[in-house]
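Here is the structure we will look at, set down as structure tokens.
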Amino acid sequence: MSLTPPPSPAQASAVTEARATLPGRTGTDAPPRIPNLLARLLGLGRPVIMGILNVTPDSFSDGGRFLDPQRAIEHARRMAAEGADILDIGAESTRPYGDAVAVSGEEELRRLEPVLPAVAALEVPVSIDTMKAAVAAAALAEGTAMVNDVWGLQRDRDLARVVAEHGVPVVIMHNREAADPAIDIMADIAAFFSRSLDIADRAGIARDKIVLDPGIGFGKTPAQSIIAIARLGELRSFGLPLLVGASRKRFIDSVSPAPPDQRIGGSIASHLLAVENGAAIVRTHDVAETVQAFRVAAAIRDAR
Ligand code: HH2
């Protein structure tokens with residue numbers, strides 16, 4: 001465990017609490033491990049591929065598959081070899097479809113501890129998929145380079161401060177407690193982003209560190225998820241990079257019924273169209289297939 005002296009009560013924060021939880025941390029005022037990460041990813045000149053690593057028992061499509069630390073680390077290595085540009089590690093299922101089991105920060109950290117150091121040591125940068133400031137702080141101290149919050153900095157208000165302190169990029173994802181088929185989903189997404197950006201501004205998060213994500217499947221009917229991809233271009237008005245995570249989501253089943261692990265075709269179709277509509281980053285369980293799809297699409301486009 002840490003040899004870092006305990007903070008004074010006045011200094012105690014999510015960051016310092018988390019420091020006491022995971023060994024090997026580097027400190028909150030350390031510069032980001034990968035300077036200009038977002039600019040570098042966006043400068044690749046092609047869609048950025050974020051591979052999903054769920055160290056959870058209950059994720060909607062791969063729950064339990066990578067709970068064993070060795071399997072999780074192997075899966076991370078495989079996605080890196082397949083061409084992932086960033087790995088998104090999560091230890092709490094966000095269960096877009098409403099049956100999430102809340103997990104404590106301690107449990108999230110317990111799941112991350114045997115996996116994160118090895119994954120963060122890979123060549124590929126890592127983002128932490130959490131809505132909790134304490135978990136994000138601990139993961140950042142382990143070398144994680146980015147934060148992905150499925151509640152867009154609106155659930156745990158301390159998270160914005162942690163992101164600002166570390167100077168790392170953050171994904172702000174749209175979410176709702178429940179789907180409402182009667183609302184204009186694009187207006188709801190835009191209003192949510194405005195609130196999140198206000199929180200980010202007040203915390204001192206630089207605009208060039210922010211990615212926006214419409215949150216496919218989260219608090220949306222299948223039809224609204226489809227609309228969010230179809231009308232993604234409207235969100236370009238925020239002037240920020242867009243991320244889309246359509247991978248294996250239920251709206252695919254609503255169009256072409258299939259269990260989650262047989263929705264790769266629908267995932268790829270969605271991500272190709274999302275990129276056409278302005279997405280810079282796609283979040284996928286199926287890295288090799290997605291890399292291949294984008295390479296082939298680019299080759300065909302280049303031959304026009
Ligand atoms: N989707 C999931 C989780 N995190 N983060 C962003 N930014 N965008 C997404 O669309 C998104 C996300 C849900 O997918 P998965 O991680 O596979 O499932 P679970 O939350 O059940 O672990």
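Against the test of being part of a helix (DSSP H, G or I) and over 20 Å from L87 (Cβ atoms), the options D180, D201 yield a single qualifying residue, D201. Of G219, G167, all but one fail to be on the phi > 0 side of the Ramachandran plot, within 16 Å of the ligand (Cβ to nearest atom) and modelled with pLDDT of 95 or more; the exception is G219.
Applying the set (1) in contact (Cβ under 8 Å) with a residue 60 or more places away in the chain; (2) closer than 28 Å to A120 by Cβ to H174 leaves exactly one unmet item: (1).
Just checking, which of L235, L243, L159 is under 25 Å from V291 (Cα atoms), assigned to a helix (DSSP H, G or I) and within 15 Å of the ligand (Cβ to nearest atom)? If you could, list the steps in order and put the result at the bottom.
Working: L243 fails: assigned to a helix (DSSP H, G or I); L159 fails: under 25 Å from V291 (Cα atoms).
Only one candidate passes the filter, namely L235.
Scanning the stretch 204-220 for residues that are surrounded by fewer than 18 Cβ atoms within 10 Å (Cβ to Cβ) and over 13 Å from V171 (Cα atoms) yields a single hit, G204.
Among the residues of the stretch 133-173, the ones that are open to solvent by less than 10 Å² (accessible area, probe 1.4 Å), closer than 13 Å to I210 by Cα and not hydrophobic (A, V, I, L, M, F, W, C) come to 4 in all.
Rundown of residues vs (1) closer than 30 Å to F238 by Cβ; (2) surrounded by fewer than 22 Cβ atoms within 10 Å (Cβ to Cβ), yes/no style:
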| site | (1), (2) |
| --- | --- |
| F251 | yes, no |
| D261 | no, yes |
| H271 | yes, no |
| G278 | yes, yes |
| V282 | yes, no |
| V291 | yes, yes |
| A303 | no, yes |
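Sort through V119, V101, V115 and tell me the only one that's in contact with a strand residue (DSSP E or B) (Cβ under 6 Å, 6 or more places away or on another chain) and β-branched (V, I, T). Quick ask: steps written out before the conclusion?
Details: V101 fails: in contact with a strand residue (DSSP E or B) (Cβ under 6 Å, 6 or more places away or on another chain); V115 fails: in contact with a strand residue (DSSP E or B) (Cβ under 6 Å, 6 or more places away or on another chain).
Only one candidate qualifies: V119.
When the stretch 118-132 is filtered for residues that are closer than 16 Å to L67 by Cα and either open to solvent by 60 Å² or more (accessible area, probe 1.4 Å) or touching a Gly at 6+ places or on another chain (Cβ under 6 Å) (or both), only D129 remains.
Assess whether D201 counts as being in contact (Cβ under 8 Å) with a residue 60 or more places away in the chain and surrounded by fewer than 16 Cβ atoms within 10 Å (Cβ to Cβ). Even if it seems obvious, please write down each step before you answer.
Working: in contact (Cβ under 8 Å) with a residue 60 or more places away in the chain: no; surrounded by fewer than 16 Cβ atoms within 10 Å (Cβ to Cβ): yes.
When the stated conditions are applied, D201 does not pass them.
Taken over the stretch 174-185, the criterion of being open to solvent by 10 Å² or more (accessible area, probe 1.4 Å) and among the aliphatic types (A, V, I, L, M) is satisfied by A178, A179, A182, I183.
What about E234, is it farther than 23 Å from V171 by Cα, among the acidic types (D, E), touching a helix residue (DSSP H, G or I) at 6+ places or on another chain (Cβ under 6 Å) and open to solvent by 60 Å² or more (accessible area, probe 1.4 Å)? Break it down into steps so the answer makes sense when it comes.
Details: farther than 23 Å from V171 by Cα: no; among the acidic types (D, E): yes; touching a helix residue (DSSP H, G or I) at 6+ places or on another chain (Cβ under 6 Å): yes; open to solvent by 60 Å² or more (accessible area, probe 1.4 Å): yes.
No.
The values are calculated or read from the model by the stated rules, or taken from the named source; none is laboratory data. Predicted model, so just to flag it, every value in this text is computed and none were measured. Cβ atoms come from the backbone with ideal geometry, glycine included; neighbour counts cover every protein chain shown. Surface accessibility is based on the protein's heavy atoms, side chains included, excluding ligands, DNA and RNA. Shrake-Rupley method; radii C 1.70, N 1.55, O 1.52, S 1.80 Å.
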